[in-house]
Structures are given as structure tokens and as C-alpha cells.
1. When N is the residue count of the range 171-240, what does its C-alpha Rg come to as a fraction of 2.2 N^0.38 Å?
2. Which of 24, 67 has the fewest other C-beta atoms within 10 Å, and how do the rest follow up to the most?
3. For labels at residue 260 and residue 72 in the simple 7 Å Cα→Cβ model, what's the distance in nm?
4. Give me the extension gain from residue 267 to residue 119: residue separation times 0.36 nm, minus the current Cα-Cα distance, reported in nm with one decimal.
């Protein structure tokens, strides 16, 4: 039995009669476009809809989610894999009981673990599906191998971009790299675009049309427009104060935009077959790729 088959058998055994969480990856073609801010504000909005939410900070080397949470996690994914901590040990609870897991450097060596230990890890990760309804994966920015691994393992991708020409170009470059990835399957992936820091809805629509035109012509990847977040001084102030705008000022125009986007995502969950892979399957997909 090869590594991929071994992982599949472990996952199948641990998913019997278990609920599966919805895994949403939030990404961007470049840094500084509001990716992490989007992740945490959507998490707050999901909590208002009585959804249980956990954010996995997979933006290794940065601590944007930690800063917004105002707390440094005691343990991270590395401690689960190599130090014997449980999944509950490594969850830090932030505002409105949004859970947060720091990825740390724990994933790098997972593909070298033996079957018995993999089973232990998968059992822990499967438990995460029972603790939450939605897992938001805050990836790094750009087209690094690590970012692409997270994206091909996610059935649902939120691509954050701004009207800046460089942001649109970098978003296209990210989708191009994703399209070329050996394990990317278009039919199993939904890419939804959020236009951030726009002056009006017309600018947001124009941004999406520009990106969609070049993607349709050269990549043939179907992308959909999810919504926009306006440029907002109140949001900038909230970031400086290390507080999610959706909590600090729920009536701010940016907070209302995040609320509308969250509602659209949940409406789509009801009306369409949004893929629910669960956290264990998400990581098994990553590990299978690393082994090849």
C-alpha cells in the first residue's frame, strides 16, 4: 500500500458517522490586500449566524491573525504532531469564541510519519470536524509551493484582490500557477473573488470583469464574483487598534459588506452542493502531494 492509499484508508476509517466541516481557503496573489482581515471578519460574521468557526493560520512566518486576536497561542500544529498535544490543546479562543490554530512549522515533516502515528494525527484532526462547522484557512500570499498545496487541497477558495493593477496581475498569476499544479482539479474547486478596498460597486464589477476576461481566455478556470468591501476609514482605524471591524463597529460600511458576503456564502451552502472535505481529508490531500 503506497502513502496515498494508506492515507485514504485512515481517513475513511475516521470519517464513519462523523460530521465534516466546511473548509474555506482565503488567499491572495500579493500581500497587503486585506486577506487576513477578510478571514477574521468573515469568521466573526459566521459566529453571528451561530456557526462554529476555527481559523487555521497557514501564513507561516507572519502572525496577522495572532495580532488581530490580541493573543499569542501557547501551542501550535507542531505541538500536536510532535509533542503529543491534543487538538483541543492547540486551539486558542479569540473574540466571540472564534477558534484559532497556528500552523507553525508542523506540516513539513508529516509525510515521513509511519502508519501508526499518522492514524493518531488523523484521529485528532478528525475531532476538529466535531468542534466546528467552518474552518477558514488563511494561506500565505503569492504563489509559493506551500500556498499552492493548501489551495489544491481546498474545495473552496476565496481570492482577495484590489483595483490596483499589480493586485489584479498577481491574482491572475496565482490562478495560472494553480491551474498548472499537477493535482489541481477544476471540477472539484470553486474560486470566488472578493474585490477589496473599492470606491464603489462599479469599480468592483470592473475589477472582476478585467480579471475574469483574462482568466477565461487563457486559463478556462471558472471564477465567480462573491462581493466587494469598500474602502473604509473605520476599517483602517480598527486594524490599527487590533480589533475586527465587524466587532468594533458592526454598522461600518465595511462590516456590513463582510456581513453580506458571509450571508452569500451560507446561502450558497444551502442552495448548492458546496464540497465539505473535513480537516483530516484536507491534510491528507497535502501529505499525499508531498510524498510524490
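1. 1.31
2. If I rank by nearby Cβ atoms, fewest first, I get 67, 24.
3. 4.0
4. Value of the extension gain: 49.8 nm.
Bear in mind that the values in this text are calculations on the coordinates, not laboratory data. Quick caveat: nothing in here was measured; it's all calculated off a predicted structure. Quick reminder, even Gly has a Cβ in these numbers, built from the backbone with ideal geometry, and neighbours come from all protein chains shown.
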